[in-house]
Amino acid sequence: MEYSLQREHRTTRVHFYSFYFLVFFAFGSLFPLLPVYLKDSAGLTGSQIGMIMSISPVVMILIQPLWGILSDMTQKPTVLLTIALTLAGVFGLVFSMIDTYIWMIAIASLLAIVQSALIPLSDSISMNYVQKTKTEYGSIRLWGAVGFAVAVMAVGQLSEHFSLSMIFYAFALILFIAVFFAYQLPNENKTMQISIREGIKELANVPRYFLFLFVAFLVLGPILANNIYFGIFVAELGGGLTGIGIAFLLAAGSEAPFMKFASSWISRLGMMNILMMATFISSIRWFLYFIEPPLGVVYVTTIAQGFSVGLFIPAALQYVRDLAPISVGATAISLYSSVGNGLGNWFCTFFGGLILEGFSILYVYLFFGILSSIALLVLAIMNIRMRKAAPV
């Protein structure tokens, strides 16, 4: 009986590993190279690219909660997940067939709606499984990072040998395969009631929380928008599609080691020091890109992504949890995600497109560097105030 249960858990974990690998492989196939496709193949302007690429974070803010409500109502997250995967693959194929800006806006919007369901629903299923079986969430989600890193390299090379339309075909095909593994996931759903209104009232008593939301907006916005513009930047330095793949492989691959040691570094150096260090490294990276370094230097500096993403995100989540009262912890994290991953991402993606059209990709990174520097200044002021307020 015990052996049978162990075998069942092992099979379920394989389904989780395969699902995350495939879904993030699909993301890595499409989104890093989509701006290059829109610029070189579709001939869109910088502002048009910024508009299309900024649709997804806006939709994430507005639509993601609705998927959660629908999942709670139906109690069938795996069914919803398979539907969203199938529709995302279909919309990806349709995207490859259109060549007018207005229709690209429409399809990008539909794709964003169904795509916004994939990670929240799968994370909800996996978190319920992890809590039930006492396994580690990180060991499951790690396969997503591997899938993303491998995809950019592999699909980049395919696109260079054939055409950039390969990004849509790979995206759709991999998502269709992922449907099989999604349907095998445990059909469990744990309802979590979050009252945003009541939560904000209670969080209003913690001014530092809202100040940190501003920091998250300034730091995470450039980090996430960089995923959109980094391909264009590497291409203009002469990297080509293979070069873009190598750059993303190095950047994504550098995150895991830093995340592994994030907790011990936070304990040793202090949470605020880690946040300031990660923000400082991000700002230096963006300013370095502004002066147009050689491509080899860019490859070397991709390790900065591991430092900024691998350390800032775990430290920021822990800081938000520590700041917020326990009763509104879920609300605090939800707002933090919406402001940083949603609003900040949209702001930097949209205005980055305008800067790209009016100036060049180099000035996009100057913009990112300025935002990150402002965040560093705010963190420094917060740190000074915390030290003064601390009992002697």
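The values are calculated or read from the model by the stated rules, or taken from the named source; none is laboratory data. Everything quoted here is computed from the prediction, not taken from an experiment. Positions of Cβ are backbone-derived with ideal geometry, glycine not excepted, and every protein chain shown enters the neighbour counts. All accessible areas refer to the heavy atoms of the entire protein, side chains included, with ligands and DNA or RNA removed. Shrake-Rupley method; radii C 1.70, N 1.55, O 1.52, S 1.80 Å.
Overview of values
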item: Members of segment 346-392 that are of a type outside the set (Val, Ile, Thr) and not in a helix (DSSP H, G or I); result: 359, 360, 390, 391
item: Where a residue in segment 221-249 is touching a residue at least 40 places away in the same chain (Cβ under 8 Å) and its partner, wherever it lies, is open to solvent by 40 Å² or more (accessible area, probe 1.4 Å) and of a type in the set (D, E, K, R), with Cβ under 7 Å and at least six apart; result: 232/39; 240/160; 241/160; 242/160
item: Those residues of segment 140-158 which are over 20 Å from the mean Cα position of the chain (by Cα) and at pLDDT below 85, in sequence order; result: 157
item: Helices (runs of 4 or more DSSP H) completely within segment 33-105 that count 2 or more residues being over 26 Å from residue 186 (Cβ atoms) and either in contact with a Cys (Cβ under 7 Å, 6 or more places away or on another chain) or at pLDDT 85 or above (or both); result: 46-53, 77-95
item: Residue 167 vs. criteria surrounded by 16 or more Cβ atoms within 10 Å (Cβ to Cβ) and at pLDDT below 85; result: no
item: Any pair with Cβ under 8 angstrom, 6 or more apart, that starts in segment 275-292 at a residue that is among the basic types (Lys, Arg) and ends at one that is open to solvent by 10 Å² or more (accessible area, probe 1.4 Å); result: 285/301; 285/304; 285/305
item: Unique match (being open to solvent by less than 70 Å² (accessible area, probe 1.4 Å), of a type in the set (Phe, Trp, Tyr) and within 18 Å of residue 305 (Cβ to Cβ)) among 350, 368; result: 368
item: Helices (runs of 4 or more DSSP H) contained in segment 258-333 and holding at least 3 residues open to solvent by 40 Å² or more (accessible area, probe 1.4 Å) and at pLDDT 80 or above; result: 271-290, 295-301
item: Those residues of segment 106-122 which are modelled with pLDDT under 85 and open to solvent by 30 Å² or more (accessible area, probe 1.4 Å), in sequence order; result: 119, 120
item: Close pairs from segment 91-119: first in contact (Cβ under 8 Å) with a residue 24 or more places away in the chain, partner of a type outside the set (A, V, I, L, M, F, W, C), Cβ under 6 Å, at least 6 apart; result: 96/165; 101/48; 112/56; 116/64
item: Flag if residue 38 is touching a residue at least 60 places away in the same chain (Cβ under 8 Å), crowded, with 21+ Cβ neighbours inside 10 Å, touching a Ser or Thr at 6+ places or on another chain (Cβ under 7 Å) and within 18 Å of residue 224 (Cβ to Cβ); result: no
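Yes or no, residue by residue, for (1) over 22 Å from residue 347 (Cα atoms); (2) at pLDDT below 90:
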residue: 211; (1), (2): no, yes
residue: 217; (1), (2): no, no
residue: 221; (1), (2): no, no
residue: 230; (1), (2): no, yes
residue: 238; (1), (2): yes, yes
residue: 243; (1), (2): yes, yes
